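Asker: Have a look at this one.
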Amino acid sequence: MTRIDFYSNAEPKLQVACQLSAKAVQQSLRVLILAADENMVRAIDKLLWTFPATGFLPHCMVHERLAPETPILIARDFEVLPHDQVLLNLAPGWPVPFTRFQRLIELVASDDADKHAGRARFRFYRDRGYEIHHHVLGKAGS
């Protein structure tokens, strides 16, 4: 069964996505980042090139030639599912093929719209019998 981790107060959201992706890569896991739209795709791509400040996280778009060898992939849809390890959802809805992945990471920012969407996703998973691991992030990025 897919392990589901919710991170609330994920601010700034894309920075937290980079931090969690880096942790997964350090554990030799592959990450598929699902972006909500093309602007988010560009923003997360740019941030991954400069994260951490003294380096970058190896990544590419899911359709690129190097995707099979790249630890972090960015996508807007599920036309291609290159692995089944970690899915990091940045989209407002639940990702349809989430059960294919070993782990699902959900980030919820502190604004009202994101909290509302996050609560809906939380209920969706809970109502289907998934155990949800909830992590509340603070100012220190705990």
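Asker: Here are some residues: Arg42, Arg103. Which one is basic (Lys, Arg) and over 21 Å from His135 (Cβ atoms)?
Answerer: Arg42
Asker: What is the one condition in (1) charged (D, E, K, R); (2) more than 15 Å from the chain's Cα centre (by Cα); (3) closer than 21 Å to Lys115 by Cα that Glu11 does not satisfy?
Answerer: (2)
Asker: Here is a further query. Scan segment 104-123 residue by residue and report those that are out of contact with any Gly (no Cβ under 9 Å at 6 or more places or on another chain), of a type outside the set (Asp, Glu) and assigned to a helix (DSSP H, G or I).
Answerer: Across segment 104-123, the qualifying residues are Ala113, Lys115, His116, Gly118, Arg119, Phe122, Arg123.
Asker: Now for a different question. Could you tell me which numbered condition Ile74 fails, if it satisfies all but one of (1) surrounded by 20 or more Cβ atoms within 10 Å (Cβ to Cβ); (2) touching a residue at least 60 places away in the same chain (Cβ under 8 Å); (3) assigned to a strand (DSSP E or B)?
Answerer: Of (1) surrounded by 20 or more Cβ atoms within 10 Å (Cβ to Cβ); (2) touching a residue at least 60 places away in the same chain (Cβ under 8 Å); (3) assigned to a strand (DSSP E or B), only one is false for Ile74: (2).
Asker: Collect the residues in segment 41-62 that are in contact with an Asp or Glu (Cβ under 9 Å, 6 or more places away or on another chain) and of a type in the set (A, V, I, L, M, F, W, C), keeping them in residue-number order.
Answerer: Cys60, Met61, Val62
Asker: Does His83 fit the bill of being farther than 20 Å from Lys115 by Cα and open to solvent by 20 Å² or more (accessible area, probe 1.4 Å)?
Answerer: No; evaluated as a whole, the condition is false for this residue.
Asker: How about segment 21-58: which of its residues are open to solvent by less than 20 Å² (accessible area, probe 1.4 Å) and touching a residue at least 40 places away in the same chain (Cβ under 8 Å)?
Answerer: Ser21, Ala24, Val31, Leu32, Ile33, Leu34, Ala35, Ile44
Asker: Which is among the small types (Gly, Ala, Ser), touching a helix residue (DSSP H, G or I) at 6+ places or on another chain (Cβ under 7 Å) and surrounded by 13 or more Cβ atoms within 10 Å (Cβ to Cβ), of Ala91, Ala117, Ala109?
Answerer: Ala109
Asker: Check whether at least one residue in segment 95-103 is over 20 Å from Ile4 (Cα atoms) and in a helix (DSSP H, G or I), and report yes or no.
Answerer: no
Asker: Taking Val25 as the residue in question, decide whether it is assigned to a helix (DSSP H, G or I), closer than 30 Å to Gly129 by Cα and not charged (D, E, K, R).
Answerer: For Val25, the condition - assigned to a helix (DSSP H, G or I), closer than 30 Å to Gly129 by Cα and not charged (D, E, K, R) - is met.
Asker: Could I ask something else about it? Would you check which residues across segment 28-57 are part of a helix (DSSP H, G or I) and aromatic (Phe, Trp, Tyr) and list them?
Answerer: Trp49
The values are calculated or read from the model by the stated rules, or taken from the named source; none is laboratory data. None of these values were measured; they are calculated from a predicted model. Here Cβ is always computed from backbone atoms with ideal geometry, including for glycine, and neighbour counts include all displayed protein chains. Remember, those area values only see protein heavy atoms, side chains included, never the ligands or the DNA or RNA. Shrake-Rupley method; radii C 1.70, N 1.55, O 1.52, S 1.80 Å.
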